[in-house]
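The values are calculated or read from the model by the stated rules, or taken from the named source; none is laboratory data. Only a predicted model underlies this, so the values are computations on that prediction, with no experimental measurement involved. Every residue, glycine among them, receives a Cβ derived from its backbone with ideal geometry; neighbour counts consider all protein chains shown.
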Amino acid sequence: MLSQQALQNQCWKESRGHADWVIVTAIDEHLQHPDTRNYLAVCQERGVTYIPALGYHMLSDAFPEPHEHLARTRTIGAPDAQYNKLRIFNPDAIEEASFAIGGHGATIEGRCIPPSRDEMLLLHYKDLGADYTQERNHSLGARLGPRDRARNFGYQYFYSDDRYRRVIAERRRTAVDLSDPSYVPWKDNPEPRWWRTTTSGL
């Protein structure tokens with residue numbers, strides 16, 4: 001996990017002078033907006049330099065089919081402050097981005113201006129059926145090194161089946177349907193947002 005952290009802290013710097021935006025994320029994190037291309041263009045016009053995403057722990061009873069667009073077909077998720085992450089930013093404006101393990105938090109330096117309204121969502125697709133998820137957890141847990149274990153990284157990989165069911169039940173209790181037109185993420189997402197206490201938007 002430390003090697004992944006080091007990679008994320010540095011790899012995006014190669015895009016300076018070449019890209020308007022960089023995306024630093026994980027394969028099970030889907031960044032979602034109804035009109036991403038236009039939204040990024042508007043943010044650029046308004047001088048926004050980094051776009052934190054509101055995090056949701058997505059829930060599915062079964063593993064998706066290969067043809068599915070998950071943000072359209074698997075839309076039930078629990079707001080999760082742990083997944084409020086910095087994943088999109090301007091590489092020319094941000095001088096340093098120091099990500100926490102797993103990207104759960106970041107310290108940024110440079111010209112740091114977030115959007116005035118939080119429209120970008122991070123949909124974390126991990127719980128895709130209990131059998132798949134627990135099998136994946138056990139596999140990932142077996143690959144952790146001694147330093148990872150000593151620091152309690154990946155603790156969730158060692159949940160018993162009973163504890164996993166309790167965790168999922170609690171997430172379902174707070175879950176919302178993101179396809180519901182009455183749900184407005186930037187108003188309804190209840191968790192604190194670190195970028196609203198450290199930096200003001202436009």
- [ ] Identify the single condition in (1) touching a Ser or Thr at 6+ places or on another chain (Cβ under 6 Å); (2) assigned to a loop (DSSP other than H, G, I, E, B); (3) under 23 Å from residue 69 (Cβ atoms) that residue 119 does not satisfy, given that it satisfies every other one.
- [x] (1)
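Pick from region 152-163 the residues that are outside any helix (DSSP H, G or I) and either hydroxyl-bearing (Ser, Thr, Tyr) or surrounded by 14 or more Cβ atoms within 10 Å (Cβ to Cβ) (or both): which of them is modelled with the lowest pLDDT?
So the first thing to find is which residues in region 152-163 are outside any helix (DSSP H, G or I), and the list is 152-154, 159-160.
From what is left, the residues that are either hydroxyl-bearing (Ser, Thr, Tyr) or surrounded by 14 or more Cβ atoms within 10 Å (Cβ to Cβ) (or both) are 153-154, 159-160.
Values: 153: 74, 154: 68, 159: 75, 160: 84.
Only one residue tops the list, namely 154.
Among the residues of region 55-104, how many are within 10 Å of the chain's Cα centre (by Cα) and surrounded by fewer than 16 Cβ atoms within 10 Å (Cβ to Cβ)?
Qualifying residue count, region 55-104: 3.
Only residues that are in a loop (DSSP other than H, G, I, E, B), in contact (Cβ under 8 Å) with a residue 60 or more places away in the chain and in contact with a Ser or Thr (Cβ under 6 Å, 6 or more places away or on another chain): list them for region 71-113, please.
First pass over region 71-113, keeping only residues in a loop (DSSP other than H, G, I, E, B): 74-75, 80, 84, 90-93, 100, 104-105, 111-113.
Checking the rest, the ones that are also in contact (Cβ under 8 Å) with a residue 60 or more places away in the chain come to 75, 80, 84, 90-92, 100, 105, 111-113.
Those that are in a loop (DSSP other than H, G, I, E, B), in contact (Cβ under 8 Å) with a residue 60 or more places away in the chain and in contact with a Ser or Thr (Cβ under 6 Å, 6 or more places away or on another chain): 75, 90, 91, 111, 112, 113.
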Open item on the list: Cβ contacts < 8 Å: first residue of a type outside the set (A, V, I, L, M, F, W, C) and modelled with pLDDT of 95 or more, restricted to region 31-50; second residue part of a helix (DSSP H, G or I) and surrounded by 13 or more Cβ atoms within 10 Å (Cβ to Cβ), any location; separation 6+ or different chain. Result?
Closed with: 32/71; 33/39; 50/195
TODO: Might you let me know whether region 123-143 holds any residue that is modelled with pLDDT under 90, of a type in the set (Ser, Thr, Tyr) and closer than 19 Å to residue 9 by Cβ?
DONE: no
Open item on the list: I want to confirm something. Restricting to region 164-182 and keeping residues that are in a loop (DSSP other than H, G, I, E, B) and under 19 Å from the mean Cα position of the chain (by Cα), which single residue is surrounded by the fewest Cβ atoms within 10 Å (Cβ to Cβ)?
Closed with: 179
Task: From the options 173, 149, residue that is closer than 26 Å to residue 10 by Cβ and among the charged types (D, E, K, R) - done: 149
